[in-house]
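Notes follow the structure.
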2 protein chains.
Amino acid sequence: MSRSERLLDLIQILRRHRRPVCGRTLADEMGVSIRTLYRDIATLQGQGAPIEGEAGLGYVLKPGFMLPPLMFTDEEIEAIVLGSRWVAKQPDKRLAAAATDALSKIAAVLPDDLREDLDATTLLVGPSSASGEAIDLGIVRQAIRSERKLGFLYRDAGGAASERMVWPFALGFFDKVRVMVAWCELRQDFRHFRADRMSALTATEIRYPRRRQAMLKEWRATLDGSARKTAQESAD
Amino acid sequence: MSRSERLLDLIQILRRHRRPVCGRTLADEMGVSIRTLYRDIATLQGQGAPIEGEAGLGYVLKPGFMLPPLMFTDEEIEAIVLGSRWVAKQPDKRLAAAATDALSKIAAVLPDDLREDLDATTLLVGPSSASGEAIDLGIVRQAIRSERKLGFLYRDAGGAASERMVWPFALGFFDKVRVMVAWCELRQDFRHFRADRMSALTATEIRYPRRRQAMLKEWRATLDGSARKTAQESAD
DNA sequence: TTTCTGCTGCCAGAATCTGACAGTGGGATG
DNA sequence: CATCCCACTGTCAGATTCTGGCAGCAGAAA
């Protein structure tokens, strides 16, 4: 195996382990001496990979992900850039910022002519519906990623308010509104919640007792196509 | 310079040259012997780079683009994937297909856990407005890229039809409608054309006499913020 | 303290890369 | 047709890089 392939493997291996891994293990896993492993890690760090080593513990790859070299056609790049611009205009501030960052990273490595093409090819207009969501959807996405319970106040279509504790597992982006899908402890069932009707969002440290994947699968099974289509109207 | 850096340079150099380049030139440009250059090219081809060499001519990089290794945070990947999914649902078939391809390429290199995260994090609903555009927007994008004139029939808001020959230079994606921005030969001015009012689209081989970049800049200068915002209503 | 582990310098052998030379075959040109 | 240009392959010796083992230092945990 060539050195460059091995470096990529190293990153993948580090991603798999969530807890710190000691160099010895990594070296064995790649069939290489410890000395070489240290050199490889140094090389990756030199190239900007966020690997941290601590004596007595081991190595951790800080959250993030390295996309290996990929070939895209002109149209695929256009699609990615256009999509990211759309996200950059979304009311979800954190995600919008992430899209902007991603765009500038991509633009930085694009050759000049292609970058010009992209500047010209698209112009997305405004937030279309800056339907002021008071809450930070970043918190919702974080809760989904880490499978934690989420508390908030919900005002339903009729105007009645209620306090909810839910197990969120998905987030839908519709034209005019964002919808969180979760298991609701109050209703003891799956429910959709429109982001613009939520308030007083509080993230908790409590891990909910089911796997996000399983709930998603179950929820999908309870839906037929037509029900899903109207999800944005029928939130809770 | 290390070999791996040199390989990336090679791709960049090839991208810069639109006409075939002979090996000798490339070798000189990188300060390396011709023999080594052949080896480098072979390596790149082995990694899937679409480089074509023909005796008596030289090398060309087939259209497309190689994204070098890039670090993205979790949120940036989420943003890119979400955006690409949105594009994948757009009525522009070609672009939608490109987005789908790009997504599968990205998914292929994502570690399992991250891929699962992404499956769960978003669910974009439907084409929202499958407002049947009869025309193939791919043709428009192609004309923009190559700076060619475009002919079509246009039916304005009042219902009156007219035949147009325009110099297209930008394309806007709004929630419900796509708008082409172009210099109209009939009106001798910049005009917006809603895609759903265009028909009988015919690409020509005639290169229009101005640089796309320049027109875009000029067009932007003639707009103030409010004018651009309402572009989707005021098409032509 | 001891133990574990990250990290660095050094060195010799292994692996790889590189340049030069020779030769083949296809395309373009005259 | 002959000629030139150029992509492409094989080979081989020397330069370069990589690798593993060893010795030693520093910080964290038990």
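Just so you know, all these numbers are worked out from the coordinates, no wet-lab data involved. It should be emphasised that the depicted structure is a prediction, and the values quoted were computed from it without experimental measurement. Note that we place each Cβ from the backbone using ideal geometry, even for glycine, and neighbour counts take in every protein chain shown.
Using only the alpha-carbon atoms, how far is helix B:212-221 inclined from the longest principal axis of chain B? Give it as 0 to 90 degrees, nearest 10.
With both axes taken from Cα atoms, the answer is about 50 degrees.
Sort B:28-35, A:71-78 by packing, meaning the average of other beta carbons within 10 Å per residue, with the highest value first.
A:71-78, B:28-35
Run the label-point distances for B:I206 please: 7 Å along Cα to Cβ, every other copy, nanometres, shortest first.
Label-point separations across copies, in nm and ascending: 7.1.
Please turn the phi angles of the stretch A:36-42 into ³J(HN,Hα) values with the Karplus equation 6.51 cos²θ - 1.76 cosθ + 1.60 (θ = phi - 60°), one per residue in order, whole Hz, x for glycine and proline.
So the J values, rounded to whole Hz, are 4, 4, 4, 5, 4, 4, 4.
What shape does chain B have by the C-alpha gyration tensor, where a ≥ b ≥ c are the square roots of the eigenvalues, rounded means a/c under 1.5, and otherwise prolate means a/b greater than b/c and oblate the rest?
Values: a/c = 2.54, a/b = 1.45, b/c = 1.75.
Because a/c hits 1.5 or more and a/b fails to exceed b/c, chain B counts as oblate.
In which sequence would B:V81, A:V166 go, from the one with the fewest C-beta neighbours within 10 Å to the one with the most?
Going from sparsest to densest Cβ surroundings: A:V166, B:V81.
So what's the convex hull volume per residue for the Cα atoms of the protein assembly as shown, in Å³?
181
Would you kindly work out, in nm and rounded to one decimal, the distances from the label point of A:D9 to those of the same position in each other copy, ordered shortest first, with label points 7 Å along Cα-to-Cβ?
Label point to label point, same position, other copies: 2.9 nm.
Decide, for the stretch B:57-115, between rounded, prolate and oblate: order the square roots of the alpha carbon gyration tensor eigenvalues as a ≥ b ≥ c, take rounded if a/c falls under 1.5, and otherwise choose prolate if a/b is larger than b/c, else oblate.
It comes out oblate by the Cα gyration axes.
If we hang a label 7 Å off Cα along the beta carbon direction at A:G53, how far is it from the matching labels on the other copies, in nm, shortest first?
3.9
Just list whichever of A:K62/A:K217; A:K62/A:K176; A:K93/B:K176; A:K176/B:K93 have alpha carbons separated by over 28 Å in the model shown. Can you show the working numbers first?
Working: A:K62/A:K217 30 Å; A:K62/A:K176 35 Å; A:K93/B:K176 23 Å; A:K176/B:K93 23 Å.
In this structure, A:K62/A:K217; A:K62/A:K176 lie more than 28 Å apart at Cα.
Under the definition of partner shielding as Cβ atoms of other protein chains within 10 Å of a residue Cβ, what is the mean value for peptide A:85-97?
Neighbouring Cβ atoms belonging to other protein chains average 3 per residue here.
Determine, for B:M180, B:M1, A:M165, A:M215, the number of other Cβ atoms within 10 Å of each Cβ, and report the residues in order from fewest to most.
Values: B:M180 25, B:M1 9, A:M165 17, A:M215 21.
Ranked by crowding around the Cβ, least crowded first: B:M1, A:M165, A:M215, B:M180.
I'd like the Karplus ³J(HN,Hα) series for the stretch B:102-118: coefficients 6.51, -1.76, 1.60, θ = phi - 60°, whole numbers in Hz, and an x wherever there's a Gly or Pro.
Running phi through 6.51 cos²θ - 1.76 cosθ + 1.60 with θ = phi - 60° gives 4, 4, 6, 5, 5, 4, 4, 9, 7, x, 3, 4, 5, 4, 4, 3, 5 Hz.
Taking 7 Å along the Cα-to-C-beta vector as the label spot, tell me the A:A134-A:E29 distance in nanometres, rounded to one decimal.
The two pseudo-label positions are separated by 4.6 nm.
Through the Karplus equation 6.51 cos²θ - 1.76 cosθ + 1.60, θ set to phi - 60°, convert the phi angles of the stretch B:196-205 into ³J(HN,Hα) values in whole Hz; use x for Gly and Pro.
7, 10, 9, 7, 6, 5, 10, 6, 10, 9
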